[in-house]
1. If I filter the range A:59-78 for residues that are facing chain B (nearest Cβ under 8 Å) and without any contact (Cβ under 8 Å) to a residue 40 or more places away in the chain, do I get at least one hit?
2. How many residues does the range B:92-121 hold that are away from chain A (no Cβ under 14 Å) and either crowded, with 20+ Cβ neighbours inside 10 Å or within 17 Å of B:L2 (Cα to Cα) (or both)?
3. Please enumerate the residues belonging to the range A:79-97 that are within 14 Å of chain B (Cβ to nearest Cβ) and surrounded by 15 or more Cβ atoms within 10 Å (Cβ to Cβ).
4. When residues of the range B:48-89 are filtered for being away from chain A (no Cβ under 12 Å), under 18 Å from B:F108 (Cα atoms) and outside any strand (DSSP E or B), how many remain?
5. Kindly evaluate A:L11 against the criterion of being within 11 Å of chain B (Cβ to nearest Cβ) and either in a strand (DSSP E or B) or without any contact (Cβ under 8 Å) to a residue 12 or more places away in the chain (or both).
6. Strands (runs of 3 or more DSSP E) wholly in the range B:1-45 with at least 2 residues that are under 14 Å from the mean Cα position of the chain (by Cα) and away from chain A (no Cβ under 14 Å) - which ones?
7. For the range A:32-43, check the following and say yes or no: at least one residue is farther than 14 Å from B:L47 by Cα and in contact (Cβ under 8 Å) with a residue 12 or more places away in the chain.
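Any read-out appearing in this document is the output of simple, stated calculations on the displayed coordinates, not a laboratory observation. Since we're looking at a predicted model, the values are computed, not measured. For neighbour counting, all protein chains shown are included, and Cβ atoms are generated from backbone atoms with ideal geometry for every residue, glycine included.
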Amino acid sequence: DIQLTQSPSFLSASVGDRVTITCRASQGNSIYLAWYQQKPGRAPKLLIYTASTLQSGVPSRFSGSRSGTEFTLTISSLQPDDFATYYCQHFNNYLLTFGGGTKVEIK
Amino acid sequence: QLQLQESGPGLVKPSETLSLTCSVSGGSINSSSYYWGWIRQPPGKELEWIGTIYYTGRTYYTPSLKSRVTISEDTSKNQFSLRLTSVTAADTAVYYCAKAVTSRGWAFDLWGQGTMVPVSS
């Protein structure tokens, strides 16, 4: 099974900061990596799919990239609405795996 | 506009079977463009994919739950369902149903609101 290592698990940042979250797959060359935002008591919201495609309606300050088995979510300028938990999700050979999550809190 | 709604019992006893249904409105589950999935989240923990069903009836399950899980569909009711047998307290979680689009690499772009299912005697 493919393991997903998401880091950091927690980060403290200020409004306006550039934030980067990483997700590393243990193997494979799948581009099928998605990022979600989840707020307390709410269902996750899709931000990015196939590593770098922005979901319709998601602000352009969110972006995704891939380098080999390492995937990155970047928030270019953190906004008050962005404080939440972020998850990556990987698809390979008809199996899906979620990362452990990154909680973004206000510094 | 497509919407998903989970329904099921509010409490399940240990060793019993958890059964949930996801009702789909505003569109048909019998579409080659979509996959339908179940994801769960124990209190304070990360998301866990349970399994997915395609309109053909083909199913895919996470290996750790495969022996206890069945996902099925009822196209006449526009619903799909989850059965999880022999539950324990470790199965206590919020259970979500969700839709994935085949062209988006199995990313879930629409989610139900989720239903909390405690496992307790």
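1. First pass over the range A:59-78, keeping only residues facing chain B (nearest Cβ under 8 Å): none.
There is no residue in the range A:59-78 that is facing chain B (nearest Cβ under 8 Å) and without any contact (Cβ under 8 Å) to a residue 40 or more places away in the chain.
2. If we filter the range B:92-121 for residues that are away from chain A (no Cβ under 14 Å), which is where we start, we get B:92, B:117-121.
Subset that is either crowded, with 20+ Cβ neighbours inside 10 Å or within 17 Å of B:L2 (Cα to Cα) (or both): B:117.
So the answer is 1.
3. Within the range A:79-97, the subset within 14 Å of chain B (Cβ to nearest Cβ) is A:84-97.
Answer for the range A:79-97, where residues must be within 14 Å of chain B (Cβ to nearest Cβ) and surrounded by 15 or more Cβ atoms within 10 Å (Cβ to Cβ): A:A84, A:T85, A:Y86, A:Y87, A:C88, A:Q89, A:H90, A:F91, A:N92, A:L95, A:L96, A:T97.
4. 1
5. Details: within 11 Å of chain B (Cβ to nearest Cβ): no; either in a strand (DSSP E or B) or without any contact (Cβ under 8 Å) to a residue 12 or more places away in the chain (or both): yes.
So A:L11 does not fit the description; no.
6. Numbers: elements: B:3-7, B:18-25, B:34-41.
Counting at least 2 such residues, we get B:18-25.
7. The first filter runs over the range A:32-43 and keeps only residues farther than 14 Å from B:L47 by Cα, leaving A:32-33.
Keeping just the survivors that are in contact (Cβ under 8 Å) with a residue 12 or more places away in the chain gives A:32-33.
Looking for residues that are farther than 14 Å from B:L47 by Cα and in contact (Cβ under 8 Å) with a residue 12 or more places away in the chain, one finds at least one in the range A:32-43, hence yes.
Residue-wise test of (1) closer than 14 Å to B:G114 by Cβ; (2) among the polar types (S, T, N, Q); (3) touching a residue at least 60 places away in the same chain (Cβ under 8 Å); (4) surrounded by 14 or more Cβ atoms within 10 Å (Cβ to Cβ).
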position: B:L4; (1), (2), (3), (4): yes, no, yes, yes
position: B:S7; (1), (2), (3), (4): yes, yes, yes, yes
position: B:P14; (1), (2), (3), (4): no, no, yes, no
position: B:S19; (1), (2), (3), (4): no, yes, yes, yes
position: B:G27; (1), (2), (3), (4): no, no, no, yes
position: B:Q41; (1), (2), (3), (4): yes, yes, yes, yes
position: B:I50; (1), (2), (3), (4): yes, no, no, yes
position: B:I53; (1), (2), (3), (4): no, no, no, yes
position: B:T59; (1), (2), (3), (4): no, yes, no, yes
